[in-house]
Amino acid sequence: MNLTTGGPPTFEEAGNLRQQARSAGMDPNYWYAVEEVRHVKPGTVTEVIFWKRSIALFRGTDGSFHAIENRCAHRQLKLSLGEVEDCRLVCQYHGWKYDGNGRLAEIPHLPPERRLPRISLRSYPVQVRYGLIWLFPGEPEQAESRRIPDIPELEGPARWACVPLSFTWSAHHSMVIDNVSDFSHAYLHRRYRPFDDASLTRCETVGDSVHVAYDTQVGRGPVSRLFVDHNRLDTNHMDLCFEYPYQWSNTDDEIKHWLFVLPIDERTTRTFFLFYFKSLKIPLLPIRIPRFAMTTVMKISNRLLISPLLAQDGFAVEAEQQGYEQHWDAPPIEFNRVVQAFQNVTVRKWEEYLARQAQHDNADV
């Protein structure tokens with residue numbers, strides 16, 4: 001029991017693997033997707049949160065992206081409440097202005113004879129790929145050596161069509177990862193049938209990744225089966241991987257997806273899904289949809305099929321979160337061994353991060 005709130009135990013108080021997984025954070029020394037590019041227009045600012053840490057993400061009028069600590073050094077107001085002026089972020093209260101590196105650049109009310117104080121807020125490396133804005137919340141010197149996942153199908157002139165989908169779910173990030181790779185929950189999706197009759201054929205942990213494979217019937221739903229060319233593709237097998245902190249799947253090298261999670265706190269997670277297809281066919285005809293039309297088809301598919309399907313997952317993990325908060329001390333019962341494998345990696349990575357932090361703190365003493 002959490003000795004402060006009386007609710008689920010903290011990571012330090014957890015008594016079993018499930019309790020540890022449901023309270024673990026994520027190692028900040030990775031690139032995390034934090035927002036879709038289309039949602040941050042030039043000259044605007046928004047708040048993003050990585051594991052209880054508030055960050056002001058803003059876009060200069062020149063289109064450049066910047067991320068700095070979300071507080072004004074003066075009165076500690078959130079800078080995301082302010083506005084963007086050229087490539088500076090302006091506090092709404094007294095008009096203090098910060099540049100993209102977090103340095104205080106101007107105080108409008110400062111007398112001319114007073115020197116501007118040397119004040120800097122923490123800044124965060126930012127990149128843009130695949131229609132998403134990525135932020136590195138960890139040690140800045142590690143940002144160069146860490147890579148955003150390479151997805152060659154989504155880059156270059158012959159890139160596949162992909163329209164990102166994002167949701168904010170009231171559930172811990174480990175529940176989301178469990179959900180997307182545990183195919184024993186086919187009953188939840190019986191209306192859409194994205195997969196049927198799943199039989200686990202591989203579950204192997206290699207370093208910080210859990211490799212999973214299922215023999216399963218993919219895309220046999222009443223709508224999806226019309227667009228997937230089952231005569232040409234092997235849609236009876238799927239490979240998946242929890243490549244910490246990311247997750248992906250692959251069906252016959254032509255139907256793929258990535259999931260990027262942004263852990264906000266112990267009960268809130270932002271999710272970014274990228275579904276992409278080499279090709280789809282025109283319903284009732286053995287003819288592929290032209291490449292130039294695929295983005296439009298994906299937009300329609302996201303709205304009419306994929307979003308409703310994922311909404312079922314959102315409902316399930318949010319209900320699981322509520323159930324866990326009420327019955328966190330119930331004995332864990334799990335039949336799919338991939339879930340334990342995911343949780344083991346999640347817990348180990350968080351323990352490693354906490355150990356590094358403790359070592360760093362001791363070195364500073």
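Each reported figure results from applying straightforward, stated rules to the coordinates on display, with no laboratory input. No experiment lies behind these values; they were computed from the predicted model shown. Positions of Cβ are generated from backbone atoms using ideal geometry, with glycine treated the same way; all protein chains shown enter the neighbour counts.
Summary table
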read-out	value
Surface/4 estimate of mean projected area, convex hull on alpha-carbon atoms of the stretch 276-318, nm²	3.7 nm²
Pairwise centroid distance, computed over Cα atoms, of the stretch 138-153 with the stretch 83-124, Å	29 Å
Whole-number D in µm² s⁻¹ for the stretch 275-365, Kirkwood Cα-pair radius fed into Stokes-Einstein, 10 °C, 1.306 mPa s	87 µm²/s
Per-selection Rg to Rh, the stretch 32-142 - Cα, Kirkwood hydrodynamic radius	0.98
Hz values of 3J(HN,Hα) by residue in the stretch 155-162 - Karplus curve (6.51, -1.76, 1.60), Gly and Pro given as x	10, x, x, 9, 4, 6, 6, 7
Cut-off under 5 Å, modelled amide H: who pairs with residue 50 long-range	55
Cysteines having no other Cys beta carbon under 4.7 Å from their own, within the chain	87, 162, 203, 241
Loop GluC sites (Glu not before Pro), the stretch 128-236, which have at most 15 other Cβ atoms in a 10 Å radius of their Cβ (DSSP)	144, 155
Along each principal axis, Cα extent of the chain, largest first, Å	78, 53, 34
Percentage relative contact order, the stretch 152-347, counting C-alpha pairs under 8 Å, at least six apart	29 percent
Ordering of 260-269, 98-107, 351-360, 9-18 by packing [mean C-beta count within 10 Å, highest first]	260-269, 98-107, 9-18, 351-360
Alpha carbon convex hull of the stretch 152-347, projected area averaged over orientations, nm²	11.3 nm²
Point-charge dipole on Cβ atoms (K/R +1, D/E -1) for the stretch 32-142, about Cα centre, debye to 20	280 debye
Centroid-to-centroid separation of the stretch 269-347 and the stretch 183-258 [C-alpha atoms, Å]	10 Å
Neighbourhood net charge (13 Å Cβ-Cβ; Lys/Arg +1, Asp/Glu -1) for residue 212	-4
Cut-off under 5 Å, modelled amide H: who pairs with residue 252 long-range	239
Phi-based couplings in Hz for the stretch 77-87 (Karplus 6.51, -1.76, 1.60; Gly and Pro marked x)	5, 5, 5, 5, 7, x, 9, 9, 10, 6, 10
Amide hydrogen neighbours beyond the local backbone of residue 103, cut-off 5 Å, H modeled	121
Alpha carbon convex hull of the stretch 80-217, volume per residue in cubic angstrom	211 Å³
In order through the stretch 236-250: 3J(HN,Hα) via Karplus (6.51 cos²θ - 1.76 cosθ + 1.60), integer Hz, x for Gly, Pro	10, 8, 9, 9, 9, 7, 9, 9, 2, x, 10, 9, 9, 9, 8
Value of [θ]222 nm, deg cm²/dmol, for the chain, DSSP H segments ≥ 4, -39500 (n - 2.57) each, nearest 500	-6500 deg cm²/dmol
